[in-house]
Amino acid sequence: MADSLPTEFDVVVIGTGLPESILAAACSRSGQRVLHLDARSYYGGNWASFTFSGLLSWLKECRQSSDIRDGSTAAWQDLIRETEGAICLRRRDETIQHTEVFCYAAEDVGDNTEEINDSQGSPSFGASSTLTKPLDSARLTAETHSSVTSCKRPAKDTPDNDGDILLEVTDTKETQAKEKKFHGGNTCVHTVPDRDKDENNPIVESNADRPKRNRITYSQIVKEGRRFNIDLVSKLLYSQGLLIDLLIKSNVSRYAEFKNVTRILAFREGKVEQVPCSRADVFNSKELTMVEKRMLMKFLTFCLDYEQHPDEYQDFVQCSFAEYLTTKKLTPNLQHFILHSIAMTESSCTTIDGLKATKNFLRCLGRFGNTPFLFPLYGQGEIPQCFCRMCAVFGGIYCLRHQVQCLVVDKESGRCKAIIDHFGQRINAQHFIVEDSYLSEDTCLSVQYKQISRAVLITDRSVLKTESDQQISILMVPPVEPGTCAVQVTELCSSTMTCMKDTYLVHLTCSSSKTAREDLEPVAKKLFTPWVETEIDKEELTKPRLLWALYFNMRDSSGISRGSYNGLPCNVYVCSGPDWGLGSEHAVKQAETLFREIFPGKEFCPPPPNPEDIVYDSDDKQPEASGTNSVLMAKLELSEGSKNTESLQN
């Protein structure tokens, strides 16, 4: 492959995360020659989505810290001239830490399941028709799977454009899950044993003694592993946000489908409640009194144009938003809803930030549904791939599993001239865009990184049961202890194509104060019951059962200034990884800012030309000026199993 790569490009992009992918698409669309590389075997970096087996293989790679592909240093040093210097790049990803996996679902001893992976012989989870064997006390052993290593078991009570632009918001129920291919490695899986057989904890002797409700086993999860598309980072799309506007403007929206987030939930006094969003929801709510409904509508109406009434909040600019809400004579019930479920901010955020967040929530309501948010089918990892496709359409070249050894810097000018890959090939370019995780320890010596705590849970039912089992919900859980952060909880149903039928995929996210497990396990215990703790003779449970859990910490490199990096050439631009915010606004802002810095005067991701405007060499007719309006067709969900198509004029 290296021999066929051109040696001259305008832009080299290293990393396929969301901001890098947007930048690559924008550069390619503006006529630049783009080479887009990634040392990983998959698109998206820390924005990627994985099947269940792919996720376990990703965990193996994260743990293989000592197993680094060692290229010939002398080979690339020979390519550096006397007038040049080199900046080495990091050769392994160190952005993921403290990974812990727990399996609570029992092994189905009566059903041996076979997971076949067709990933071209790569050593991934289930790579060669590996048999999941019956287990003693649900304990995973080395024979269970080639990529799973048994570890200590935790205690039972301590679970360790012009024209029509199509943006589809669909209620698709059955779609074949997309297959992705990944490389593997070793991971550590903690498993929770079945309860010991004694007088107080009888063992189920037969299927007849089990509860009538279906019992999901680990074998079923493995067997249906391709039905899962598990995001490394949990994000939603604001319907009036920068990412949706960019998807529509660039016509990248045609490469993806979206579903409405159907519910905004609140956690108060140990109970999960649905938050009314629209005017109709407010007045139909049984959780609010009539007086509270009027107070809420009055306050939300004020927030829509709070800038026009500075006298209402000017005296409270230095106060927190929570303190400001108390001055508005709102009941504790309303204060909780506004702070944690509408503004979705921390209690300590300023009054201005709280009002901005509330206004942003309200202005996003009603564009595509009853909540402000959309979710892409097959997971957040689809979005970077959509922009990569746009880049490729306009001539960008892509190479995965392509390691970059170093950046070549001209000593006189201080500018980066080229890269040298692991094949020893020298590739020249004018501009270089690098994901933060590729920069060496020496380059990042002065950088102070934050951390994100993440948890991925598989459960057997929703945190708030309703008539429909296809709900997509967002929930903010207030801080468990003083000084800790609120936890974002996103619950996805099977119609999002992210989990198997009869299960829910739940993402927990917060800014780290400790390890991910220490930060998020208390919230998981509040919302869910680990399978081993459930009473097997109970048919109805007060909380959903937790079947499987993954905890990990992810580096948050957002907000790092360029000056924090040591010895960075002026034409090398750094993109950050995901932040812990609910949306992707930071990634879009960063991509647009860097594009305008690299190519001042050029339009950022302009709309594609209409077919009728394309002029061929034989045509004398000049293209007409592009119009400013475009029609957005959105398939809106009115109810389960139904669609309604609506045209919105932008």
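General observations
- Rolling a 1.4 Å probe over the protein chains gives Y43 an accessible area of about 70 Å².
- Averaged over its residues, the stretch 404-512 has an accessible area of 34 Å² per residue, based on protein heavy atoms and a 1.4 Å probe.
- With all protein chains modelled, accessible area of C88 [1.4 Å, Å²]: 60
- Each Lys or Arg adds one and each Asp or Glu takes one away; over the other residues whose Cβ falls under 11 Å from the Cβ of L246, this sums to -1.
- Proximity of backbone amide H atoms, modeled 1.01 Å from N, is registered between G381 and S49 at under 5 Å, excluding neighbours fewer than 5 places apart on the same chain.
- Of all accessible heavy-atom area on the stretch 438-492, the percent that carbon and sulfur account for (1.4 Å): 49
- Which of T542, T515, T459 is most accessible, then next, and so on - probe 1.4 Å: T542, T515, T459
- Element breakdown for the stretch 202-358 at a 1.4 angstrom probe: carbon and sulfur atoms account for 49% of the accessible area.
- Accessible solvent surface per residue of the stretch 238-372, calculated while the other protein chains remain in place, 1.4 angstrom probe, Å²: 44
- Computed FRET value (nearest 0.05) for R279 with T542, which takes r as the C-beta separation and R₀ as 30 Å: 0.40
- For the stretch 3-46, a/c is not less than 1.5, where a ≥ b ≥ c are the root eigenvalues of the C-alpha gyration tensor, and a/b does not top b/c. That puts it in the oblate class.
- Protein-only accessible surface order, largest first, of K298, K328, K271 at 1.4 Å: K298, K271, K328
The values are calculated or read from the model by the stated rules, or taken from the named source; none is laboratory data. None of the values given here were measured: they were computed from a predicted structure. Neighbour counts run over all protein chains shown; Cβ positions are idealised from the backbone, glycine included. Just the protein is used for accessible areas: all its heavy atoms, side chains included, with ligands, DNA and RNA removed. Shrake-Rupley method; radii C 1.70, N 1.55, O 1.52, S 1.80 Å.
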